[in-house]
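Here is the structure we will look at, set down as structure tokens.
The values are calculated or read from the model by the stated rules, or taken from the named source; none is laboratory data. Fair warning: this is a prediction, and the values are worked out from it, not measured in the lab. Every residue, glycine as well, gets a Cβ built from its backbone with ideal geometry; the counts of neighbours run over all protein chains shown.
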């Protein structure tokens, strides 16, 4: 049984966000053992329970206070009308997708307005209805769950509104996106009132540390002191790089965090300035 005062974070028990959510928590030191069919697990060393629930239930659980925090797709927070009932604490940079309107690739429906008076199968009816309403399009919405893409082929609908990641499933079913409704990704949400605000803040900082570390890498190199200022312009780091003396007073050692996406470009520029012994190291966690 869950103790009433025990803080709780809800994560998906299935779906596209399940594995990355569990991996993120464990990378942040929120470790737990999930037993088969168990609905929750205690986090080691923390007054925190990890709840394993259906993704659709997470916004409601957090909004109603049954869970203090939750990892969920932004699309579901909107679909369940919880945007004003929960706090959007952190973007998690995984589970990127978009809610889109799709129709036959070579069919007569080319734009959303072509669906006026037509049938549309949707997995997220609330969001789809709002989308068509703002465009003054009166479409007949049919709520479905799972295998939404096949509804056009079955003759149930003229188009669909569904989540799209790579688009491969749409193409396999002869469909193409005609308009994007909204973009989504995994986010961390928090209730307006929580059991332990300090613990929730700690969880946020831990997750943020892992996410920040994924964006940066650590660079170490030696550089002639005469070229140090030029090197600092290439890789300024946060506040300033760490500079250490070497036995040869004409040289110094530098340690600096750089954006991971630009690491090769930065290494090339430092090498052209005369830097040597350049080493790039992955960062597992950090706090800026």
2 or more residues farther than 30 Å from residue 111 by Cα: qualifying strands (runs of 3 or more DSSP E) within segment 142-233: 186-191, 216-224
Which listed residue, of 93, 44, 56, 81, is over 22 Å from residue 123 (Cα atoms) and either at pLDDT 95 or above or in contact with a helix residue (DSSP H, G or I) (Cβ under 8 Å, 6 or more places away or on another chain) (or both): 93
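Residues in segment 204-211: is at least one farther than 30 Å from residue 14 by Cα, in contact with a helix residue (DSSP H, G or I) (Cβ under 7 Å, 6 or more places away or on another chain) and not assigned by TED's automatic domain parsing to the domain that holds residue 16?
Applying the first criterion (farther than 30 Å from residue 14 by Cα) to segment 204-211 yields none.
No, there is no match, as no residue in segment 204-211 is farther than 30 Å from residue 14 by Cα, in contact with a helix residue (DSSP H, G or I) (Cβ under 7 Å, 6 or more places away or on another chain) and not assigned by TED's automatic domain parsing to the domain that holds residue 16.
Given 75, 57, 81, which one is out of contact with any strand residue (DSSP E or B) (no Cβ under 8 Å at 6 or more places or on another chain), touching a residue at least 24 places away in the same chain (Cβ under 8 Å), in the same structural domain as residue 23 (by TED's automatic domain parsing) and under 30 Å from residue 4 (Cα atoms)? Let's see the steps before the verdict.
Numbers: 75 fails: out of contact with any strand residue (DSSP E or B) (no Cβ under 8 Å at 6 or more places or on another chain); 57 fails: out of contact with any strand residue (DSSP E or B) (no Cβ under 8 Å at 6 or more places or on another chain).
That would be 81, the only listed residue that is out of contact with any strand residue (DSSP E or B) (no Cβ under 8 Å at 6 or more places or on another chain), touching a residue at least 24 places away in the same chain (Cβ under 8 Å), in the same structural domain as residue 23 (by TED's automatic domain parsing) and under 30 Å from residue 4 (Cα atoms).
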Free of Cβ contacts under 8 Å to residues at least 12 places away in the same chain, under 26 Å from residue 95 (Cβ atoms) and surrounded by 15 or more Cβ atoms within 10 Å (Cβ to Cβ): which single residue out of 122, 130 fits that description? 130
Given the conditions (1) without any contact (Cβ under 8 Å) to a residue 40 or more places away in the chain; (2) surrounded by fewer than 21 Cβ atoms within 10 Å (Cβ to Cβ); (3) over 30 Å from residue 48 (Cβ atoms), which single one is not true for residue 151? (2)
Tell me whether segment 12-22 contains one or more residues that are under 30 Å from residue 122 (Cα atoms), touching a helix residue (DSSP H, G or I) at 6+ places or on another chain (Cβ under 6 Å) and surrounded by 21 or more Cβ atoms within 10 Å (Cβ to Cβ). yes
Hey, which of the strands (runs of 3 or more DSSP E) in segment 24-113, taking only ones fully inside, have at least 3 residues that are more than 11 Å from residue 9 (Cβ to Cβ)? 86-91, 97-104
Take segment 234-252 and flag every residue that is surrounded by 10 or more Cβ atoms within 10 Å (Cβ to Cβ) and in a loop (DSSP other than H, G, I, E, B). 235, 236, 237, 238, 241, 246, 248
When you look at residue 213, is it on the phi < 0 side of the Ramachandran plot, at pLDDT 90 or above and within 17 Å of the chain's Cα centre (by Cα), yes or no? yes
Would you be able to say whether some residue in segment 253-260 is in contact with a strand residue (DSSP E or B) (Cβ under 6 Å, 6 or more places away or on another chain), within 11 Å of residue 278 (Cβ to Cβ) and assigned to a helix (DSSP H, G or I)? no
Check residue 264 against each of (1) over 30 Å from residue 71 (Cα atoms); (2) within 30 Å of the chain's Cα centre (by Cα); (3) in contact (Cβ under 8 Å) with a residue 12 or more places away in the chain and name the one condition it does not meet. (3)
